[in-house]
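Have a look at the structure below, then the notes.
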Amino acid sequence: MNWTWFHKLGSPKWFYEISGRWLPWLSVSAVLLIVVGAVMGLAYAPPDYQQGNSFRIIYIHVPAAFLAQSTYISLAIAGVVGLVWKMKIADVAVQQAAPIGAWMTVIALVTGAVWGKPTWGAWWVWDARLTAMLILLFLYFGIIALGHAISNRESSAKACAILAIVGVVNIPIIKYSVDWWNTLHQPATFTITEKPAMPMEMWLPLLIMTIGFYCFFAAVLLMRMRLEVLRRESRTRWAQAEVARQIGRSA
Amino acid sequence: MNPIRKKRLIIIVAILLGVIATVALGLTALQQNINLFYTPTQIANGEAPQGARIRAGGLVKEGSLTRSEDSLTVDFVVTDGDADTGIQYRGILPDLFREGQGIVALGRLNDKGVLIADEVLAKHDENYMPPEVSSALEKTGMLKNYQDGQKETNK
């Protein structure tokens, strides 16, 4: 197998160029998918026989919760790459993905609470799934805080990578909490391996929204990483030339 | 992969395995505390502590719901198929509450084994369907089969 692409990632300049080519595609597909998914989900999907229209919050809640967990897994992978291969771009990825993941966790928790009030009768319950999700939020806060607290770039990268790797044990706990324990949160409606427990006109918008959220995540992450790469490489000639070109274009 | 990288990777994997083992042992030890509620079978077997505030969860038994005529007090029975627990609650029930629905009630067991609840939460399942489909299924009496079938496929 050819691993050159992987080792090329070690070059910030190469990353900057290749991500510039992907960015427009990702941004356009994110906007298209989210708009189409939201209109289909909010306007055209039929209401649920028990919950009526309040079930529609699923179209935000589930993609956000998926993304919150996937983001954490990617933090851990970036952490391993940073520790083992000493790739600087991995630390940039960890630092820039953590706030997005934290926001997704907040969205999942808030929409869940809004849905929980009419459906369960409570905003918050100390249920295994909900508590594990709250721990995920604090893990994100921990990584963000650690990244800002240590001023030496290299030690901060190491500390954040280790925290990201250790915290990844929380992900299977979130995923399987509904199967391992008695919880108020229902088991997964939507899994990769099985037929969803809802009709097509209900799950199709959910699938579109989920892919849209992933594209949105990728686009925002690349934008943030590109900015951070420029900032860190500000002493190199290519970065200075790129900044000059950007300023020239916008002025 | 060069030896230094290999060594670092092994150290990381070892740390991760250690953390997983620790968390797994901790969660197994806390098993009972993490469960949100006791099932009626557990209560019948005396696994639930007497006098302490506990949660009981199960399906509301068909035909067990009685409302008091002069107050908001309701009595009903939750079941898990094997055992039943009586529940008494005073207050407004959540929208999803009905017979056959999964619920979780928080309260204390009295000496007759009835749970005096001060909070009742409705538990939603993972199945969603449009109202036309559910009423059509209900008309033909297939709703129960459908739900059982869904439960089977989800296992």
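Readers should treat all values here as calculations from the given coordinates under stated rules, not as data from a laboratory. Computed from a prediction, not measured in an experiment: that's the story for all the values here. Cβ atoms come from the backbone with ideal geometry, glycine included; neighbour counts cover every protein chain shown.
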Task: 0 to 90° range, to nearest 10: angle between helix A:58-85 axis and chain A longest Cα axis - done: 30 degrees
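Within 10 Å of each Cβ in peptide A:184-190, how many partner chain Cβ atoms are there on average? Round it to a whole number, please.
Values: counts 11, 4, 7, 4, 2, 5, 2.
Whole-number average of other-chain Cβ neighbours for A:184-190 is 5.
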Task: Alpha-carbon centroid distance for the pair segment A:173-243 / segment B:99-129, whole angstrom - done: 35 Å
TODO: Would you look at the GNM of chain B, springs on alpha carbons closer than 10 Å, and say which of B:110, B:35, B:127 moves the most?
DONE: B:127
Open item on the list: Students often get this wrong, so check it: of A:175/B:123; A:13/B:6; A:175/B:61; A:88/A:175; A:86/B:6, which have C-alpha atoms separated by over 21 Å?
Closed with: A:13/B:6; A:175/B:61; A:88/A:175
Open item on the list: Quick test of the membrane-span-like rule: which DSSP H helices of chain B reach at least 27 Å along their long axis (C-alpha atoms) with mean Kyte hydropathy at least 1.0?
Closed with: B:3-29
Open item on the list: Over 10 Å intervals from 0, what percent of Cα-Cα pairs in segment A:131-214 sits in each interval?
Closed with: 14, 30, 31, 18, 7, 0
Open item on the list: As a test, work out the antiparallel percent of DSSP beta bridges whose residues both lie in the protein assembly as shown, rounded to the nearest 5.
Closed with: 85 percent
TODO: List the residues of segment A:17-52 whose backbone N lies under 12 Å from a point placed 7 Å from the Cα of residue A:245 along the Cα-to-Cβ direction.
DONE: A:17-18, A:20-21
TODO: Please give the average number of partner chain Cβ atoms lying within 10 Å of the Cβ of each residue in B:60-67, rounded to a whole number.
DONE: 0
Task: Evaluated over segment A:25-86, the Cα radius of gyration and Dmax, each in Å - done: 17.0, 54
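Arrange the peptides A:91-100, B:64-73, A:12-21, A:126-135 so that the one whose residues have, on average, the most other Cβ atoms within 10 Å appears first.
A:91-100, A:126-135, A:12-21, B:64-73
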Task: Cα gyration tensor shape of chain B, rounded if a/c is under 1.5, else prolate or oblate by comparing a/b with b/c - done: oblate
Task: Along each principal axis, Cα extent of segment A:27-246, largest first, Å - done: 62, 39, 30
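Using a Förster distance of 35 angstrom, determine the FRET efficiency expected from the C-beta separation of residue A:86 and residue A:223, and round it to 0.05. Spell out each step's value before the answer.
Details: r = 25 Å, r/R0 = 0.71.
Here the calculated transfer efficiency is 0.90.
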Open item on the list: Between residue A:18 and residue A:36, what is the label-point separation in nm under the 7 Å Cα-to-beta-carbon projection?
Closed with: 2.7 nm
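When a/c reaches 1.5 or more, the comparison of a/b and b/c decides; with that in mind, is segment A:79-152 rounded, prolate or oblate per its Cα gyration tensor?
Note, shape of segment A:79-152 comes out prolate.
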- [ ] Assuming R0 = 45 Å, can you tell me the calculated FRET efficiency for the pair residue A:151 and residue A:25, based on Cβ-Cβ distance, to the nearest 0.05?
- [x] 0.75
Open item on the list: Please report Rg (one decimal) and Dmax (integer) in Å for the Cα set of segment B:24-97.
Closed with: 14.7, 51
Task: Inter-site label distance for residue A:73 and residue B:116 at 7 Å from Cα along Cβ, in nm - done: 4.9 nm
Open item on the list: As I understand it, the value is the acute angle between the Cα axis of helix A:153-167 and the longest principal axis of the Cα atoms of chain A; what does it come to in degrees, rounded to 10?
Closed with: 20 degrees
Task: Fluctuation leader among B:93, B:115, B:59 - chain B, Gaussian network, Cα springs under 10 angstrom - done: B:93
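Once the mean 1/r over all distinct Cα pairs of the protein assembly as shown is inverted, what Kirkwood radius in angstroms do you read off?
Values: mean 1/r = 0.0413 Å⁻¹.
Kirkwood hydrodynamic radius for the protein assembly as shown: 24.2 Å.
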Open item on the list: Which one, A:189, A:87, B:37, is farthest towards the positive end of the dipole of the protein assembly as shown when Lys and Arg carry +1 and Asp and Glu -1 on their Cβ?
Closed with: A:87
Task: the protein assembly as shown, helix-only ellipticity at 222 nm - DSSP H runs n ≥ 4, -39,500 (n - 2.57), divided by all residues, nearest 500 - done: -20500 deg cm²/dmol
TODO: Take every residue in peptide A:109-121, count the Cβ atoms of other chains within 10 Å of its Cβ, and give the average of those counts.
DONE: 3
Task: Cut-off 14 Å, label 7 Å out along Cα→Cβ of residue A:3, residues of segment A:87-105 by amide N - done: A:87
